[in-house]
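Every number here is computed from the coordinates shown, using simple stated rules; none is lab data. Note that the coordinates shown come from a computational prediction; the quantities given were computed from them, not determined experimentally. Note: ideal-geometry Cβ built from the backbone for every residue, glycine included; neighbour counts use all protein chains shown.
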Amino acid sequence: MKLSTRGKYGLYAMYYLAAHAGEGPQTLQNISTVGVPKQYLEQILGNLRRAGLVSTVRGAQGGYQIATDPQETSLRDIIDAVEGPIELSECASSEHSCQRSGTCPVRWVWQRVTDSINQELEKIKLVDMLNQPCESEENL
């Protein structure tokens, strides 16, 4: 299983906005310096805005800013906003997705692993990313 580009870019954008919280709205140009193409970034920021994680400011000095507390915002919040819920298998979220789900010997494995991943993503907060040393922070 790999996290899609969309999920990674969502984390990059939120990291940038959290690192620049209190500095006013950030333009797409500024946020894109973390390596996210501007056109793709606009879509991702739209998803983050709809989830209440980002707010927008209109006008000449407008842009995007973080709308939540980085100490309270989990990586799961971000991933869910841009990707939707993480599920390793459809049967992990709905026992009615498969005729065999009631007798399937592997369904519990998918449920357990899915739950573990989601619990770990819930534990890691955006502020934890800010507190981790980066090899190169010059683009932030």
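Some observations on this one:
- Among Ile117, Ile31, the ranking by other beta carbons within 10 Å of each residue's beta carbon, starting with the fewest, stands as Ile117, Ile31.
- In terms of surrounding Cβ atoms within a 10 Å radius of their Cβ, Thr114, Thr33 rank from fewest to most as Thr33, Thr114.
- Going from the fewest other Cβ atoms within 10 Å to the most, the residues Glu83, Glu120 appear in the order Glu120, Glu83.
- A Förster distance of 35 Å, applied to the separation of the beta-carbon atoms of Val109 and Ala21, puts the FRET efficiency at 0.30.
- Anisotropy class of segment 5-131 from Cα gyration tensor, a/c 1.5 cut: prolate
- Selected from Leu88, Ile78, Ser32, residue furthest toward positive end of dipole (segment 5-131; charges at beta carbon): Ser32
- Total formal charge among the other residues, if their Cβ is under 11 angstrom from that of Arg76, Lys/Arg +1 and Asp/Glu -1: -3
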